[in-house]
Amino acid sequence: MPKADGVSRLAITALVLVLSSAVGRVQEPQRLLSIAAESIDELRQWDPVVNRLTNERALAVRTVYDDPQVPGRRHEGLNQYYQGLPVYGGDLTRQTDRGITVSIFGNVYMGIDVNPAPSITVNQARDTLENLSGSTVARPDDPTLMILPTLDGRFALVYRASMRNAVTYFLDAHDGQVVMEVNEIMHQTAVGRGRGAQGDIKKMSTTSSGGVYRSQDQLRPAPIFTLDTRGNSASFQRLQQGGPAVETDLAIDTDNDWTQAAVVDAHAHLGWVYDYFFKSHRYQGLNGRNAPVFGVVAPRALLPSNAFFIPPPFGPNAGGGMFFGEGPSGGPMTALDVTAHELMHGVTFFAVGQRTGRQFGPGLFMELGPSSVTIGGQTFPCSESGIAGRPFFCSGGRYVLVADHTGAINEGLSDIFGTAVEFAFHPSGVGALRADYTMGEDLTDVGVGRSLQNPASVPIDAPRGVLYPDHISRRLVHAVVMLPNGALALSSPTLAFVGGTPIVLPDADGGGVHDNSTILSHAFYLAIEGGQNRTSGRTVQGVGTANRGQIEQVFFRAVRDMLPSVVSFAQIGPILRQASVDVHGASSAATTAIDQALTAVGF
Amino acid sequence: MRSTLVTGIAAAACLVMETPTLAQTGEPLRGFVSINGGYQASSTDFRDSIVFTEFVEQGSVDSSYTVKSGPQLDIAGGARVWRSLGIGVGITRFSKSGQASVAGKIPHPFFFNQPRSVEGEAGGLKREELAFHIQAMAIVPAGESLSLAVFAGPSFFNVKQGIVQKLQYSQQYPYDTATFSGVDTDTPSESTIGFNAGADVGYFFARHVGIGGVIRFSRASVDFTSIDGETLEADAGGVQAGAGLRLRF
């Protein structure tokens, strides 16, 4: 699917600051320990550090559970605290084998020197945020006090609160200014045109009561509800913002022979996706514990050319949910890979969240660009006025460029499992209702959004010739601008750098979360199918289609057991390699394929 | 086959037109009664296929029935009508509990064209046959103490048969397999016409009383109606052999 339209996933003013190439070293001035330790030498270095931080109560064990795949293995989720306050993005996942540490992945911030006593009270923060958002807090225990690493290299004491307008705010607890805000809607957007429903017949697991049938699946261990807004914007808002789902929200049919394509596809596909995770990974539903699954279908007037997952405390019954709109001609955004993509966002949210206690991302990582750029014959030195009349944020006279690595990995994982689900239920091939490595090809009036096989075959921005990247060297990064109030932000339009080449694009895509997602998803393709990466020229010996499950296991293990709440492009490679060694062994064909594929895309 | 047998028996009767008499008195034989405990020696097999709809898709149950041999009760009587020719009637009752091998294809609740196969055995399927035989008979003189008769004629069968109506199975998510747990059955009753032919031999140790044996072959085809409205065709009767009391007058 193409990137988000309109609403950025992340409207940052500041966030994690780290050099993307930094792994396993202390970075100055950000003072971040970005750990991806899997070798004996790395573990010998980092295991004592983690133990020391734990003894000093800078790290606290949040979760411990036995590995569901590898006997004898155990996973610990450790969260970072400063003066008893949680540190945003500071968490680790440590894997042990009968007490011996096997791997450590995550991030820990050092040198935090913020005053932990807030200058404004919780009630004052709540009032400020209610006035700002025009809504109320979504979680009863919000706002919560925490430490936030900011983009300009300092640490801020903030109140964090998710509001009913589906935005999470980070409010400075000393001066009451918004430091960061996150739009909680995870987009799956497409723009195009088509000619209507696919016309395939599929079974619906429904519930009969009162002489009608309702779109409530009671046959699967997790109840699955498909809600129909029926074009009612109040219902849409209620369900999106965490309001209660009521029986009249369910789609109904008088003879159980359903004709509303959006309801049919959403309901059946949500069930199929549940089946895939259960059968392939023994994972039960959104949260692995059979929490109710809610899908919401809405007409184009309410949700044009879009689908998204929204996490708790939003969505129906404040439990999160998948929302599906319609394309330009009314075709539902409920193709199987799109449905699986959105539900995978939920799986990632819950799997990482339950282990780390934190939401997965966003995780903006910074790098320094040139001191000036030339576009259309005009040179823009940094510190001059930006392209939208806003000054760029510069460091040492160089552009500060960011990309949301965690968001791109999140989107890549959703594309990966959207594709995996498609292969689980459709015969492989080309055309409608065939499994392939493109996203959204079965959306009847939208068309292909991204390609895992050949990312560059699909444009991000056709008029400017910007293509989806298949290698880390072709990633998109965006210049940071300073808002009038001094806050840092991404802008729309944005000054982006595509493989180092500056270009003005209409939208920053929340830091390139969709744009850069194809680097990881292309590695998934190469690990299965093999072939040559067009940018690096490296060849991968894939495991073959008959063994695709081996590669899917590796990626799923990374999500369920290993990803920290903030993860960089530099960390995802070591994590996946370790996951493959854990499951398949160091000398297996799968591990070789994973290693070659990750190397081929630059991870 | 039926007409051939009748013709053969009639021919035999023509060859023995001498009037049979009671032993020791020389009085002409007027009639007889036989009571036999016997054994229906032949088993019969038949099949049924039921189509049903579940989870908005058609499934099927194929049942292979076997009715094995078993004991029967046979009562017959007759009268001489002219010289060596007579008529008789007989009743046989056969009852046996049978079984069926059941193989089903049960639709998947979530997916078309992914049926789950189940197999099992259904027991306690009762077969009851009550046959009323009308017989033309030729009584063959064979000495004062022996009697021999051959007979043939139509038979009227009433057959009850336990048949499988519905498959019972257990399943659990993800429903990719199902386990046979039993069947629902019905025991319909149908009547039909067939034929019988056989021979009866008696040894009389007293004027009116003796012992004897009978061998009979009876056959009829009976049609039951399956739960899906289709016809289930089964055979009734078979080779029957018995022995018991003989009375003559």
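Miscellaneous remarks
- For the condition within 14 Å of chain A (Cβ to nearest Cβ) and open to solvent by 60 Å² or more (accessible area, probe 1.4 Å), B:Val56 qualifies.
- All of (1) open to solvent by 10 Å² or more (accessible area, probe 1.4 Å); (2) within 26 Å of A:Leu488 (Cβ to Cβ) hold for A:Gly357 with one exception: (2).
- The set of residues from segment A:92-127 being open to solvent by less than 50 Å² (accessible area, probe 1.4 Å) and over 30 Å from A:Val49 (Cα atoms) comprises A:Ile120, A:Ala125.
Here is a yes/no grid of residues against (1) within 17 Å of A:Leu336 (Cα to Cα); (2) crowded, with 21+ Cβ neighbours inside 10 Å; (3) hydroxyl-bearing (Ser, Thr, Tyr):
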| site | (1), (2), (3) |
| --- | --- |
| A:Ser208 | no, no, yes |
| A:Val212 | no, no, no |
| A:Ala251 | no, yes, no |
| A:Ala261 | yes, no, no |
| A:Val264 | yes, yes, no |
| A:Arg289 | no, no, no |
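- Complete set of residues in segment B:155-179 that are part of a strand (DSSP E or B) and touching a residue at least 60 places away in the same chain (Cβ under 8 Å): B:Ser155, B:Phe157, B:Val159, B:Gln161, B:Ile163, B:Val164, B:Gln165, B:Lys166, B:Leu167, B:Tyr169, B:Thr179
- Of all residues in segment A:507-532, those being closer than 25 Å to A:Phe170 by Cβ and either without any contact (Cβ under 8 Å) to a residue 24 or more places away in the chain or surrounded by fewer than 24 Cβ atoms within 10 Å (Cβ to Cβ) (or both) number 1.
- Test: A:Asp257 is acidic (Asp, Glu) and surrounded by fewer than 24 Cβ atoms within 10 Å (Cβ to Cβ): yes
- Any hit, segment B:145-162, residues being open to solvent by less than 40 Å² (accessible area, probe 1.4 Å), at pLDDT below 90, away from every other protein chain (no Cβ under 14 Å) and in contact with a strand residue (DSSP E or B) (Cβ under 6 Å, 6 or more places away or on another chain): yes
- Residues that are among the β-branched types (Val, Ile, Thr) and surrounded by fewer than 21 Cβ atoms within 10 Å (Cβ to Cβ), drawn from segment B:95-129: none
- Strands (runs of 3 or more DSSP E) enclosed by segment A:433-506 - at least 3 residues per element that are in contact (Cβ under 8 Å) with a residue 12 or more places away in the chain: A:476-479, A:494-498, A:501-505
- Residue count for segment B:60-94, restricted to those that are under 18 Å from B:Asp184 (Cβ atoms) and either without any contact (Cβ under 8 Å) to a residue 40 or more places away in the chain or open to solvent by 10 Å² or more (accessible area, probe 1.4 Å) (or both): 3.
- Some residue of segment A:288-308 being touching a Pro at 6+ places or on another chain (Cβ under 7 Å), of a type in the set (S, T, N, Q), assigned to a helix (DSSP H, G or I) and farther than 23 Å from A:Met204 by Cβ: no
- Qualifying residue in segment A:130-151 (condition: charged (D, E, K, R), open to solvent by less than 30 Å² (accessible area, probe 1.4 Å) and assigned to a strand (DSSP E or B)): no
The values are calculated or read from the model by the stated rules, or taken from the named source; none is laboratory data. What you are looking at is a predicted structure, and each value in this text was computed from that prediction instead of being measured. Ideal geometry is used to build each Cβ from the backbone, glycine not excepted, and the neighbour counts take in all protein chains shown. In case anyone asks, the SASA skips ligands and DNA or RNA and just uses the protein heavy atoms, side chains included. Shrake-Rupley method; radii C 1.70, N 1.55, O 1.52, S 1.80 Å.
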